[in-house]
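For reference, the structure is listed below as structure tokens.
The values are calculated or read from the model by the stated rules, or taken from the named source; none is laboratory data. The model shown is predicted, which means the values in this text are computed figures rather than measured ones. Cβ: placed from backbone, ideal geometry, glycine included. Neighbour counts: every protein chain shown. Side chains are part of the model used for accessible areas, which takes the heavy atoms of the whole protein and leaves out ligands, DNA and RNA. Shrake-Rupley method; radii C 1.70, N 1.55, O 1.52, S 1.80 Å.
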Amino acid sequence: MRKTYTSKASELESHLGFWLRFVSNQVSSRFENLLAEHDISVTEWVAMRSLYGRMDTTHAELISALGMTKGAASKVISKLEAKGLAERQVSKDSQRAQVICLTKSGMTMVPMLAAIADENDAHFFGHLTGTQRQSIATLMRELVDHHQLKQLPTR
């Protein structure tokens, strides 16, 4: 027998998750479009930012940082290599191990892409006071910590 619900359903707009997703989708979509103008995906941006300033990131460390499978991370690295933004090198510590690093072009591109990320944040959150922005960031970090969320947002 099929169960029927007779109680009143809460309004969609009464859910905090609705508003988080609503804003997040808009922020992410605009950022994705801005990155696309430079032929970079959000996932590639996150990988590049994770590699920035590091000369010896192992495949395993990048997989962990991105929260992706080995195959998915490998595809991202291959795309960055094809664009001349990253390269795999033999580790100085072990001839059998590989490290991933940004090329000179990749290192040059990260600050420019970071400025785009900053501008996107300013577009959506610039009208808020510094205290309001800090409060939102603190609450989001508390949610991440409470739920032990690890995977970086790459889409």
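Within segment 41-82, the set of residues being closer than 17 Å to residue 107 by Cα, assigned to a helix (DSSP H, G or I) and open to solvent by 40 Å² or more (accessible area, probe 1.4 Å) comprises 49, 78, 79, 81, 82. Would you call residue 23 aliphatic (A, V, I, L, M), open to solvent by 30 Å² or more (accessible area, probe 1.4 Å) and at pLDDT 90 or above? Against the criterion (aliphatic (A, V, I, L, M), open to solvent by 30 Å² or more (accessible area, probe 1.4 Å) and at pLDDT 90 or above), residue 23 qualifies. Only one of the numbered conditions (1) open to solvent by less than 50 Å² (accessible area, probe 1.4 Å); (2) over 24 Å from residue 23 (Cβ atoms); (3) free of Cβ contacts under 8 Å to residues at least 24 places away in the same chain; (4) outside any helix (DSSP H, G or I) is not met by residue 128, and that is (2).
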